[in-house]
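Everything on this sheet refers to the single structure shown next.
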Amino acid sequence: MHRHTRLSLHLAAALLAAFTTLSAAAQTNGSGGEPAKVLRIGYQKSGLLAVLKAQGSLDEKLKPLGYSIKWFEFPAGPQLLEALNADSIDFGYTGAPPPVFAQAGGVRFVYVGAEPAGRHSEAILVKNDSALRGVSDLKGKRVALQKGSSANYLLLEALKKAGLRYEDIRPVYLPPADARAAFESGDVDAWVIWDPYYASAQQALKARTLADYSELDGPYNFYEATRDFARQHPDVVGAILGQLRSAGLWVNAHPVETAALIAPKVGLDQKLVETWVRRYPYGTTPVTDEIARAQQVVADAFYGAHLIPQKITVKDNVWQNREVAAALVAK
C-alpha cells in the first residue's frame, strides 16, 4: 500500500506539472513567452486608428509588449466614450466635445494625445436648393446633429459668430445615420456633420456647405484612455502614440495610397475617402498645457450654453508623461 501510495503521489505530481506547463503555454502569445494581453481600441471610420487597423502596423508594434488588439467601431465620439466608461474599451479617438461631456458626466478617462484640427473636415450642410444662405438664416430652423459631438461645437461657435444663441435654433439630436435620413427626407433644415459622412453627403446628396471652421478657431481632436490603463501601462500608451505619429506623417504624404488602403476596409468609395483624408492635417502630439487651455475654451463654451451641467477643469483629466512626450517630439 505504501509503495502504491508513493507511485500515486509521483503520478499526480507529474500530471500537475504537465498541466501547469500546458496552461502557461496556452496563455502566451508566441512572441517571447510573455502573457497574452488584449488591448481594446475604439475607432471611427475617419482618423488614424482606422489607418493603423488597415495597416496592421500597431499589431506588430505591440507584439513585443505581449499584446494583441481587438478593434471596436463606433458611429461617433459620445458612444465611444460611453464604452470607455463601461470599461468595454481601453483606448479611443474622438473630437473635442465628447470628452468635455464625458468629464462633466463623471466618466473616468484621461486625455493622452492630440491631433490638430481640420478646418474643412466637418460642416453645417443644407440641401443645394435650400433658401438658407448663411448661418444667420438658421434662426428657428431644425438642425440635426449628434449631441456632444464635434459637430455640436461647430454649430455653437458658428451661431455665436452669426450673432445667434443656441436657443435660437431647434436642435434635433440624432446619430449620423438617422440624421442623414432626416436630412434627406426634409424633416430637418440643416445637418451638422463630420467626415466621412460629410464627404459622402457632398458626393451623393449634392449638399451645400453653409459653414465650416474656415473662419473659426477649430478645436483639437483627442486620444483618450481609461485612467487606470494610462497609469498602469505608460509604455503601451507611448507605443500607440508613437505609431500614430509615424502613420500620420505617412498619410499626409500619401493620401492616394491611404485611400486605396482603407476604402475597402470601411466600405466607402476610394475617391470619397481620399477627399476626407486630404482634409486632416495629421500630427499626433502630447497634450501640452497649451492644448489643455484650448480645450478649456471648448468646455467653457458648452457650460456657458448650458449644455453641460457643471463647469469642469480640463487639466484634471490630462495624462502627461515626460518620456512619451519626448519620444513623440523626436519623431
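Each value in this text was obtained by applying a stated rule to the coordinates, not by laboratory testing. Bear in mind the structure is a predicted one, so any value in this text is a computation, not a measurement. Methodologically, a virtual Cβ is constructed for each residue, glycine included, from the backbone with ideal geometry; neighbour enumeration extends over all protein chains shown.
Remarks
- Rounded to 5, percent antiparallel among DSSP beta bridges of the chain: 55
- Potential lengthening between residue 136 and residue 311 on full extension [0.36 nm per residue; Cα-Cα distance subtracted]: 60.2 nm
- Greater than 27 Å apart at Cα, pairs in 127/147; 53/160; 206/271; 70/311; 70/265: 53/160; 70/311
- Kirkwood Rh and Cα Rg combined as Rg/Rh, the range 185-325: 1.01
- Most mobile of 42, 283, 113 in a GNM of the chain (Cα contacts under 10 Å): 283
- The charge dipole of the range 178-331, taken about the Cα centre with unit charges on the Cβ atoms of Lys, Arg (+1) and Asp, Glu (-1), comes to about 340 debye, rounded to the nearest 20.
- Efficiency of FRET between residue 246 and residue 215 - r from beta-carbon atoms, R0 25 angstrom, step 0.05: 0.15
- Spatial offset of the range 190-263 relative to the range 131-176 amounts to 22 Å, using the alpha carbon center of each.
- DSSP H segments from the chain that extend 27 Å or more along their own axis, Cα-based, with Kyte-Doolittle mean of -1.0 or above: 2-26, 234-253
- The helix-based estimate of mean residue ellipticity at 222 nm for the chain, built from -39,500 (n - 2.57) per DSSP H run of four or more residues and divided by its residue count, is -14500 deg cm²/dmol to the nearest 500.
- Label-point separation, residue 322 to residue 37 (7 Å along Cα→Cβ), nm: 2.3
- Our estimate of slack between residue 119 and residue 83, defined as 0.36 nm per intervening residue step minus the Cα-Cα distance, is 10.2 nm.
- For the range 149-189, the residues whose amide N sits under 20 Å from a probe point set 7 Å from the Cα of residue 204 along the beta carbon direction are 151, 174-189.
- Couplings for the range 125-140, taken from phi via the Karplus curve 6.51 cos²θ - 1.76 cosθ + 1.60 with θ = phi - 60°, read 10, 9, 5, 4, 9, 5, 7, 6, 10, x, 4, 4, 6, 6, 4, x Hz in order; Gly and Pro are left as x.
- In nm, spacing of pseudo-spin labels at residue 297 and residue 184 (7 Å Cα→C-beta vector): 3.7
- Between residue 177 and residue 330, residue separation times 0.36 nm minus the direct Cα-Cα distance comes to 51.1 nm.
- Residue among 175, 309, 286 with the largest mean-square fluctuation in a Gaussian network model of the chain, springs linking Cα atoms under 10 Å: 309
- The fraction of all Cα pairs in the chain landing in successive 10 Å bins from 0 to the largest distance is 6, 24, 31, 20, 9, 4, 3, 2, 1, 0, given as whole percents.
- Contact order normalised by residue count of the chain, Cα under 8 Å, 6+ apart, percent: 22
- Likely footprinting exposure, 208, 170, fewest C-beta neighbours within 10 Å first: 170, 208
- GNM on the chain, alpha-carbon springs under 10 angstrom: the most fluctuating residue among 185, 57, 150 is 185.
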